[in-house]
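Written out below as structure tokens is the structure these notes cover.
Please treat every number below as a calculation from the coordinates, not as lab data. Being a predicted model, the structure only gives us computed values, none of them experimental. All Cβ positions, even for glycine, are placed from backbone atoms using ideal geometry, and neighbour counts span all protein chains on display.
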Amino acid sequence: MTPEESRTLFLRQPHAILATADASGVPHLVPVVFAEISGGLALVVDGKPKRTTDLKRLRNIAANPHVSLLAEHYDADWTALWWARADGTAHVSPLTPEVLAAFQRKYPQHRVAPPQGPAVTVTVAKWSGWAARGEDS
């Protein structure tokens, strides 16, 4: 899959898996929703119940800003398998109007219960992917 095909397929998805690592390189994976913004991708800390607002993903990004996001499709028909990945650098900041608007366009739930933030912006350095059929599945 070309980088542009990977990007297009990734952006169609409703969610992805965020991979971060702490300062010593210990990985941490968490499912996230995301939106495209100018300059890359954005994630938000929303109002869904969490045990704490001191989230490991945010601490990891502060210590090591290199992240990957993975969207994938599994099927019993292995000719329908695919994955798309965005590798880049993340930054935690307050929620901006641009990020809020992007989330409200993509997720109707955020129109009813707007996220409060913070936001994570990801500058994507590399798009990659693979599809069993060599096409969008």
Legend entry - Inter-label distance for Gln109 and Lys126, nm, one decimal - labels placed 7 Å from Cα along Cα-to-Cβ: 3.2 nm
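Give me the compactness ratio for the stretch 1-76, meaning the Cα radius of gyration over 2.2 N^0.38 Å. Write out the running numbers ahead of the final one.
Numbers: Rg = 13.7 Å, N = 76, 2.2 N^0.38 = 11.4 Å.
This ratio for the stretch 1-76 stands at 1.20.
At a Förster distance of 22 Å, what's the computed FRET efficiency of Ser38 paired with Glu72, Cβ-Cβ distance as r, to 0.05? Each step should come with its number before you reach the end.
Details: r = 26 Å, r/R0 = 1.17.
Rounded to the nearest 0.05, the efficiency is 0.30.
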Legend entry - Lys/Arg +1, Asp/Glu -1 at C-beta; the chain dipole; positive extreme among Leu55, Thr121, Pro3: Leu55
Inset, instruction - Would you please name the chymotrypsin sites (Phe, Trp or Tyr not before Pro) within the stretch 15-120 that are DSSP coil residues with at most 10 other C-beta atoms within 10 Å of their C-beta? - result: Tyr74
Legend entry - Given charges at Cβ of Lys, Arg, Asp, Glu: the stretch 3-131 dipole, positive-most of Val92, Leu41, Trp82: Val92
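Checking understanding here: applying a Kyte-Doolittle mean of at least -1.0 and a length along the axis of at least 27 Å (C-alpha), which whole DSSP H helices in the chain pass? Can you show the working numbers first?
Values: long enough: none.
Both cut-offs are met by no helix.
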Inset, instruction - Scan the chain and hand back the longest stretch that contains none of the trypsin sites (Lys or Arg not before Pro) lying in DSSP loops with at most 16 other Cβ atoms within 10 Å. - result: 52-132
Inset, instruction - Along Cα→Cβ, 7 Å out, is where each label goes; now give me the distance between the ones at Thr89 and Gln116 in nm to one decimal. - result: 3.1 nm
Inset, instruction - Assuming R0 = 35 Å, can you tell me the calculated FRET efficiency for the pair Ala80 and Asp54, based on Cβ-Cβ distance, to the nearest 0.05? - result: 0.30
